[in-house]
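The block underneath contains the structure these notes are about, expressed in structure tokens.
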């Protein structure tokens, strides 16, 4: 048995009255000084739109940037992840190794490096572009006819490469992620001699996936060197080698419905790819840049850039709708696809300031030449390339290895662009 005891006692309330306090009629001036560090998050000025070095406020188009700090802080190791963090760019990964970027309802086909580039023949990008090479990624929304020539009203992606400085710097980073993902990065640079600077960037990444059998192995190395030429200006040269390998990539997609019209419900790891399928992409890029002052406020700059991109793939997907009860009825579709894309661009321009009507103005004028040669070939195997799958619930990626010698199709074309431009 429990008991409760209540204690009572007097309660006193105390009220304290204070005399009113009146504010001063005049407040002292408080001055706050600060400086925005645009190098961390944001963009103070840029040349992606006009090459006039305008601020973001002065640029007559919507311009934003993904800084090196953002790429590092959020572990945005490739272009897909970086652009997915831009509110107005849609990253559409229709398969594991083929991506479309869209803005304002149009495919983004204008991709540049340091403001130089030729529009892609299509809106798709194969593999994943490593972001370790870049100091900043600019996104210019809308048509960019002045700096890009042909294109559409979507956007221009300008990849600003890392450059060397006189300060000695070394950075090594290691990353461990889901699905046994491992990544190692190296970034080293500094003065090599009086008037000579260099920088070396390398990254290697290997990992598996939530998809059955899918694995990737990516390697990239980039070297750049700058040489001061006294009164002759500055000479810069760089080379990039990038290899992206994918085993058992997804090509096409899973069926959405059974043959009776009911909806399928496959596990998130389900893949139609075979164990012999692969999709390898290799890029070699080199550039030479020469800049020299020609007057007190004027500078001449010439850039030559060469890109060689090769894509080699053995792919496998399935078509037809499966039977709901037996999961059978789908047919395999195997194909070999190769692509060779060689591009070269030459851009030369004058940039400076002049005085007119009592005011100082910026100006730029130049010429541009770009050429692209593209060859692609598709091959099939009419004997073993279209096997019946049988029970798809028992699919483990085992299909006859094709001998791709049949049904050769492809294309071979050249794209040339010549332009002159001026802005003030």
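The values are calculated or read from the model by the stated rules, or taken from the named source; none is laboratory data. It should be emphasised that the depicted structure is a prediction, and the values quoted were computed from it without experimental measurement. Note that each Cβ is placed from the backbone with ideal geometry, even for glycine, and that neighbours are counted across all protein chains shown.
Could you tell me how many of the residues in region 51-73 are touching a residue at least 24 places away in the same chain (Cβ under 8 Å) and assigned to a strand (DSSP E or B)?
7
Quick check on my filter: what residues within region 193-214 are more than 20 Å from the chain's Cα centre (by Cα), surrounded by 15 or more Cβ atoms within 10 Å (Cβ to Cβ) and either modelled with pLDDT under 95 or within 22 Å of residue 396 (Cα to Cα) (or both)?
208, 209, 211, 212, 213, 214
Note down all Cβ pairs under 9 Å where the first residue falls in region 161-178 and is touching a residue at least 60 places away in the same chain (Cβ under 8 Å), the second is exposed (fewer than 13 other Cβ atoms within 10 Å of the Cβ) and assigned to a strand (DSSP E or B), and they're at least six residues apart or on different chains.
From region 161-178, the pairs are 175/182.
Would you mind stating whether residue 407 is out of contact with any strand residue (DSSP E or B) (no Cβ under 8 Å at 6 or more places or on another chain) and either surrounded by 12 or more Cβ atoms within 10 Å (Cβ to Cβ) or assigned to a strand (DSSP E or B) (or both)?
So residue 407 does not fit the description; no.
Return the residues of region 96-121 that are farther than 21 Å from residue 209 by Cβ, assigned to a loop (DSSP other than H, G, I, E, B) and in contact with a strand residue (DSSP E or B) (Cβ under 8 Å, 6 or more places away or on another chain); say none if nothing qualifies.
104, 108, 114, 115, 117, 118, 119, 120, 121
Pull up region 366-377, narrow it to residues that are more than 15 Å from residue 417 (Cβ to Cβ) and surrounded by 15 or more Cβ atoms within 10 Å (Cβ to Cβ), then point me to the one that is nearest to the chain's Cα centre (by Cα).
Once the filter is applied, the top-ranked residue is 376.
Which one is farthest from the chain's Cα centre (by Cα), of the residues in region 228-247 that are over 16 Å from residue 304 (Cβ atoms) and buried (at least 16 other Cβ atoms within 10 Å of the Cβ)?
The selected residue is 247.
So which residues in region 69-95 are out of contact with any helix residue (DSSP H, G or I) (no Cβ under 9 Å at 6 or more places or on another chain), surrounded by 17 or more Cβ atoms within 10 Å (Cβ to Cβ) and modelled with pLDDT of 90 or more?
80, 83
Hey, can you tell me all the residues within region 20-66 that are at pLDDT 75 or above, within 21 Å of the chain's Cα centre (by Cα) and exposed (fewer than 12 other Cβ atoms within 10 Å of the Cβ)?
none
Would you mind finding the one in 323, 297, 310, 341 that is out of contact with any helix residue (DSSP H, G or I) (no Cβ under 8 Å at 6 or more places or on another chain), under 30 Å from residue 261 (Cβ atoms) and modelled with pLDDT under 95?
It is 323.
If you take the residues of region 127-142 that are out of contact with any helix residue (DSSP H, G or I) (no Cβ under 9 Å at 6 or more places or on another chain) and surrounded by fewer than 23 Cβ atoms within 10 Å (Cβ to Cβ), which of them is nearest to residue 55 (Cα to Cα)?
138
Starting from region 74-92, take each residue that is at negative phi and assigned to a loop (DSSP other than H, G, I, E, B) and list its partners that are surrounded by fewer than 16 Cβ atoms within 10 Å (Cβ to Cβ) and at pLDDT below 90, counting only C-beta distances under 7 angstrom and pairs at least six apart or across chains.
Qualifying pairs under 7 Å: 74/85; 76/85.
Is it the case that residue 279 is closer than 27 Å to residue 237 by Cα and in contact (Cβ under 8 Å) with a residue 12 or more places away in the chain?
No; evaluated as a whole, the condition is false for this residue.
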